[in-house]
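Student: My questions will all concern the structure given below.
The values are calculated or read from the model by the stated rules, or taken from the named source; none is laboratory data. Computed from a predicted model, the values in this text were never measured in an experiment. Here the Cβ positions follow ideal geometry from the backbone for every residue, glycine too, while neighbour counts run over all protein chains shown.
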């Protein structure tokens with residue numbers, strides 16, 4: 001009930017403030033490099049089609065999957081088709097180079113060039129006789145050539161066949177129980193310490209040698225089996241069944257509409273650019289039931305499967321397709337998404353309100369000038385006033401000395417997220433307002449002017465709190481609100497020491513350590529939030545480029561490691577206390593003092609979670 005009230009309050013608060021003190025509806029903002037801006041938004045995703053969190057809210061309200069589908073897609077029918085023999089080609093691996101045959105280099109991502117079979121017999125079609133479960137294929141590249149040595153072994157480690165591959169091979173299952181583990185697929189563990197990864201697939205595999213000598217792997221799988229690895233990743237598997245069934249219908253329709261429309265070799269990939277697909281090890285009984293009970297059900301318009309777009313959440317109204325993408329589609333119309341009381345159906349979701357940090361307008365000028373497609377010369381103004389029926393940003397007009405351009409709101413989101421410093425935060429949708437200090441009081445670090453505020457402190461109007469003088473230098477030197485977030489409490493005594501809570505941290509004063517670098521330290525919020533949760537250790541033999549910490553028995557790797565190292569390392573985050581975990585559409589990793597996370601499929605969007613806010617909410621103090 002707490003999350004419902006918090007979500008509803010945030011949604012209503014945003015709606016109430018949408019027309020106050022913002023620059024979104026007031027014409028162009030003249031360029032001033034020192035002008036402070038902040039983006040306040042709601043939702044996550046493009047807003048076109050079905051809201052996943054909205055479907056969740058509608059299911060809780062008693063709506064059926066069919067009612068949910070018809071609430072989001074206009075002028076459609078739900079048809080049942082025989083898809084029992086319909087195969088889908090899913091791109092699961094690309095640009096991978098296997099280890100060299102002469103051991104002169106390892107696999108391009110540090111992982112071996114192996115594909116193993118489990119559960120049943122298999123073959124390399126036309127090239128190798130049937131092999132029982134437990135066998136595997138080893139791929140080795142010839143340096144400087146677009147050629148691979150292929151060796152197949154049985155479960156007794158005896159080589160069954162060997163040949164050179166210049167074009168492609170097809171690994172074919174010979175029973176429904178056969179699955180293939182694709183070892184070069186770089187994924188998080190299914191659960192900490194499990195030793196299992198999201199790299200196990202039903203159906204067959206086609207492995208292709210690409211120009212330049214890299215490999216591409218395509219999972220050739222029945223549509224219904226494919227959905228078993230999609231639905232539990234796109235939504236939470238223990239949601240109400242009707243929400244899961246609606247997701248299954250939308251995901252199936254999206255996949256069917258892409259057959260023979262994708263690349264030359266594949267129909268969809270396994271990332272959010274198509275649909276997130278994580279194979280057998282993502283499957284859950286609840287989502288399997290949703291897939292089975294909607295088997296063959298496809299959403300159609302005039303008898304043809306629609307482009308069944310969907311997204312996480314967007315607030316009180318969805319978008320018209322032409323306001324976000326190029327074409328108007330009759331089934332993708334802007335529709336209200338509120339209950340009888342006017343509350344958005346997605347009010348229970350985590351995206352009911354978000355903000356970037358405050359930043360100087362010069363950051364936008366730098367981001368726009370970074371690429372020729374947005375460079376306008378000396379920036380003169382930016383206009384955010386072109387809004388869609390839902391109130392979201394439709395287009396942005398950018399005027400410079402050299403030219404004037406207009407870009408889609410979704411494109412502006414990408415420009416901001418990719419080209420501005422990560423500490424500014426991310427835009428999770430194009431449904432945001434532009435706040436400027438001249439029109440409203442921003443979330444700003446300004447001297448506290450009110451009577452009673454301690455001298456030397458700094459005041460944040462958004463929370464009505466100050467950064468205490470005892471912590472102020474540490475706060476500033478560590479990066480301020482970009483690192484720690486805004487203060488949430490006044491300084492208080494906890495466990496015999498003075499502490500102050502911030503969105504992302506708890507600062508602690510240690511007088512006994514005066515004269516050392518540890519007079520002020522960061523509290524172990526990550527450990528406290530996961531108290532009672534057991535995370536099995538990672539194997540100590542990490543892949544090349546990973547960092548293993550024997551102190552806690554866990555590794556940090558990939559984009560998480562880059563973020564960890566460039567944002568303070570152990571001093572800021574502490575040691576890792578878990579591996580990387582797939583959780584609710586995010587990849588997360590817990591540390592002693594923090595939690596790092598990024599959306600599944602977007603490792604370049606790593607950010608530190610608001611663990612301070614979460615801890616206080618859990619204690620009922622926020």
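Student: Determine whether region 372-382 contains at least one residue that is under 24 Å from the mean Cα position of the chain (by Cα) and assigned to a loop (DSSP other than H, G, I, E, B).
Tutor: Scanning region 372-382 turns up no residue that is under 24 Å from the mean Cα position of the chain (by Cα) and assigned to a loop (DSSP other than H, G, I, E, B).
Student: While we're here: Just the residues that are more than 27 Å from the chain's Cα centre (by Cα) and either in a loop (DSSP other than H, G, I, E, B) or surrounded by fewer than 20 Cβ atoms within 10 Å (Cβ to Cβ) (or both), please, taken from region 95-115.
Tutor: Correct list: 98, 99, 100, 101, 102, 103, 104, 105, 106, 113, 114.
Student: Now for a different question. Residues to consider are 357, 362; find the one that is modelled with pLDDT under 95 and out of contact with any strand residue (DSSP E or B) (no Cβ under 8 Å at 6 or more places or on another chain).
Tutor: The unique qualifying residue is 362.
Student: Give just the number: which of (1) touching a strand residue (DSSP E or B) at 6+ places or on another chain (Cβ under 8 Å); (2) assigned to a loop (DSSP other than H, G, I, E, B); (3) surrounded by fewer than 18 Cβ atoms within 10 Å (Cβ to Cβ) does residue 391 not satisfy?
Tutor: (3)
Student: Just to be sure, is residue 187 surrounded by fewer than 23 Cβ atoms within 10 Å (Cβ to Cβ) and within 24 Å of the chain's Cα centre (by Cα)?
Tutor: Yes.
Student: What tally of residues in region 511-531 results from selecting those that are at pLDDT below 85 and either assigned by TED's automatic domain parsing to the domain that holds residue 608 or under 18 Å from residue 573 (Cα atoms) (or both)?
Tutor: 2
Student: Applying the selection to region 605-621, what residues are assigned to a loop (DSSP other than H, G, I, E, B) and more than 11 Å from residue 503 (Cα to Cα)?
Tutor: 606, 619, 620, 621
Student: On to the next question. What number of residues within region 119-148 satisfy the criterion of being in contact (Cβ under 8 Å) with a residue 40 or more places away in the chain, outside any strand (DSSP E or B) and crowded, with 20+ Cβ neighbours inside 10 Å?
Tutor: Of the residues in region 119-148, 0 are in contact (Cβ under 8 Å) with a residue 40 or more places away in the chain, outside any strand (DSSP E or B) and crowded, with 20+ Cβ neighbours inside 10 Å.
Student: When you look at residue 591, is it surrounded by 19 or more Cβ atoms within 10 Å (Cβ to Cβ), free of Cβ contacts under 8 Å to residues at least 40 places away in the same chain, touching a strand residue (DSSP E or B) at 6+ places or on another chain (Cβ under 7 Å) and under 25 Å from residue 508 (Cβ atoms), yes or no?
Tutor: Judged against the criteria, residue 591 is not a match.
Student: Ok, one more. Take the residues of region 27-45 that are assigned to a loop (DSSP other than H, G, I, E, B) and over 25 Å from residue 404 (Cβ atoms): which is farthest from the chain's Cα centre (by Cα)?
Tutor: 42
Student: Would you mind telling me which numbered condition in (1) within 19 Å of residue 35 (Cα to Cα); (2) touching a residue at least 60 places away in the same chain (Cβ under 8 Å) residue 400 fails?
Tutor: (2)
Student: Next question. Restricting the search to region 492-527, which residues are free of Cβ contacts under 8 Å to residues at least 24 places away in the same chain, closer than 20 Å to residue 466 by Cα and under 36 Å from the mean Cα position of the chain (by Cα)?
Tutor: 492, 494, 508, 521
Student: Continuing with the same structure: Restricting to region 302-323, what's the tally of residues that are assigned to a loop (DSSP other than H, G, I, E, B) and either in the same structural domain as residue 180 (by TED's automatic domain parsing) or buried (at least 22 other Cβ atoms within 10 Å of the Cβ) (or both)?
Tutor: Qualifying residue count, region 302-323: 8.
For (1) in contact with a helix residue (DSSP H, G or I) (Cβ under 9 Å, 6 or more places away or on another chain); (2) modelled with pLDDT of 85 or more; (3) surrounded by fewer than 16 Cβ atoms within 10 Å (Cβ to Cβ), each residue gets a yes or a no:
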residue	(1), (2), (3)
422	yes, no, no
431	yes, yes, no
440	yes, no, no
455	yes, no, yes
475	yes, yes, no
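Residue-wise test of (1) modelled with pLDDT of 95 or more; (2) surrounded by 17 or more Cβ atoms within 10 Å (Cβ to Cβ); (3) in a loop (DSSP other than H, G, I, E, B).
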residue: 273; (1), (2), (3): no, no, yes
residue: 278; (1), (2), (3): yes, yes, yes
residue: 290; (1), (2), (3): yes, yes, no
residue: 300; (1), (2), (3): yes, yes, no
residue: 325; (1), (2), (3): no, yes, yes
residue: 330; (1), (2), (3): yes, no, yes
residue: 333; (1), (2), (3): yes, yes, yes
residue: 341; (1), (2), (3): no, no, yes
residue: 347; (1), (2), (3): no, yes, yes
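Student: Can you find even one residue in region 56-73 that is surrounded by 24 or more Cβ atoms within 10 Å (Cβ to Cβ), in contact with a helix residue (DSSP H, G or I) (Cβ under 7 Å, 6 or more places away or on another chain) and farther than 23 Å from residue 241 by Cα?
Tutor: For region 56-73, residues surrounded by 24 or more Cβ atoms within 10 Å (Cβ to Cβ), in contact with a helix residue (DSSP H, G or I) (Cβ under 7 Å, 6 or more places away or on another chain) and farther than 23 Å from residue 241 by Cα: absent.
Student: Of these, 151, 162, which one is over 36 Å from the mean Cα position of the chain (by Cα) and surrounded by 15 or more Cβ atoms within 10 Å (Cβ to Cβ)?
Tutor: None of the other options fit; the residue is 151.
Student: So which residues in region 224-233 are crowded, with 24+ Cβ neighbours inside 10 Å and in contact (Cβ under 8 Å) with a residue 60 or more places away in the chain?
Tutor: Those that are crowded, with 24+ Cβ neighbours inside 10 Å and in contact (Cβ under 8 Å) with a residue 60 or more places away in the chain: 226, 227, 231, 233.
Student: Is it true that residue 284 is surrounded by fewer than 19 Cβ atoms within 10 Å (Cβ to Cβ) and under 28 Å from residue 94 (Cα atoms)?
Tutor: Yes.
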